[in-house]
Amino acid sequence: MNEITTKPNDTIPNYQVDQFQGLIAKLFQCCQERMQYQSDRFKLPDAELRCLQLFANERYLTPKGIAHKMNVVKSRVTKIIDGMVRRKLIQRVKDPEDSRITLLSLTPKGQDKLNEINDFLESIHLEVLSQMAPEQRKAVLSNLEVLKASMEAVKELMV
């Protein structure tokens with residue numbers, strides 16, 4: 001892995017690095033707690049819930065594509081898919097152009113569950129934003145865009 005360094009003329013005080021690390025850790029913990037709450041609320045294991053959300057803008061996915069998006073090995077995806085098929089959330093469909101390929105699609109029950117999850121997430125995000133004054137919301141969203149871009153830039157340096 002490449003070592004990542006700041007530009008020579010950038011001096012970032014240690015307290016800011018510490019504060020940033022602490023805030024990122026707390027945000028990550030908050031997101032993990034929300035994911036656990038969602039799993040409990042929707043009676044789905046975390047991995048199945050995350051997999052279901054991958055279908056939001058997709059009609060079909062492949063096991064290989066899911067493995068790549070979830071950053072897990074294909075054998076793990078097989079277990080996740082099997083659980084979702086048992087719950088009747090997704091179905092296996094043979095690719096009409098290549099019978100060696102299995103496509104996965106949401107069942108009506110899976111689409112309903114995904115809609116429930118998306119409605120819940122929208123209500124949570126709306127509630128979080130409603131805790132801020134309009135000018136704070138604008139600033140937070142703008143700063144989150146900067147954070148996202150910075151994190152993506154650093155991610156590129158890690159490859």
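The values are calculated or read from the model by the stated rules, or taken from the named source; none is laboratory data. What you see is a predicted model, and the numbers here were worked out from it, not measured in a lab. Cβ coordinates were reconstructed from backbone atoms using ideal geometry, including for glycine residues, and neighbour counts include every protein chain displayed. What goes into the accessible areas is simple: the full protein's heavy atoms, side chains included, and nothing from ligands, DNA or RNA. Shrake-Rupley method; radii C 1.70, N 1.55, O 1.52, S 1.80 Å.
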Any idea which residue in the stretch 25-39 is nearest to Ile117 (Cα to Cα), counting only those that are out of contact with any helix residue (DSSP H, G or I) (no Cβ under 9 Å at 6 or more places or on another chain) and of a type in the set (A, V, I, L, M, F, W, C)?
Cys31
So Glu3 fits all but one of (1) surrounded by fewer than 10 Cβ atoms within 10 Å (Cβ to Cβ); (2) modelled with pLDDT of 95 or more; what number is the exception?
(2)
Qualifying position, being within 19 Å of the chain's Cα centre (by Cα), open to solvent by 60 Å² or more (accessible area, probe 1.4 Å) and among the charged types (D, E, K, R), among Lys113, Lys94, Lys74, Lys109:
Lys74
Need pairs with beta-carbon distance below 8 Å; first residue within 13 Å of Val85 (Cβ to Cβ) and within the stretch 44-58, second open to solvent by 60 Å² or more (accessible area, probe 1.4 Å); sequence gap 6+ or separate chains.
Glu48/Arg87
Restricted to the stretch 97-106 and to residues being of a type in the set (A, V, I, L, M) and under 23 Å from the mean Cα position of the chain (by Cα), the residue surrounded by the most Cβ atoms within 10 Å (Cβ to Cβ) is Leu104
Flag for Val128 being at pLDDT 95 or above and of a type outside the set (Lys, Arg)
yes
How many residues does the stretch 23-47 contain that are closer than 19 Å to Lys148 by Cβ and small (Gly, Ala, Ser)?
1
Being over 28 Å from Glu127 (Cα atoms) and surrounded by 13 or more Cβ atoms within 10 Å (Cβ to Cβ) narrows it down to one of Val17, Val85, so name that one.
Val85
Where residues in the stretch 116-159 are under 18 Å from the mean Cα position of the chain (by Cα) and of a type in the set (D, E, K, R), which of them is surrounded by the most Cβ atoms within 10 Å (Cβ to Cβ)?
Glu116
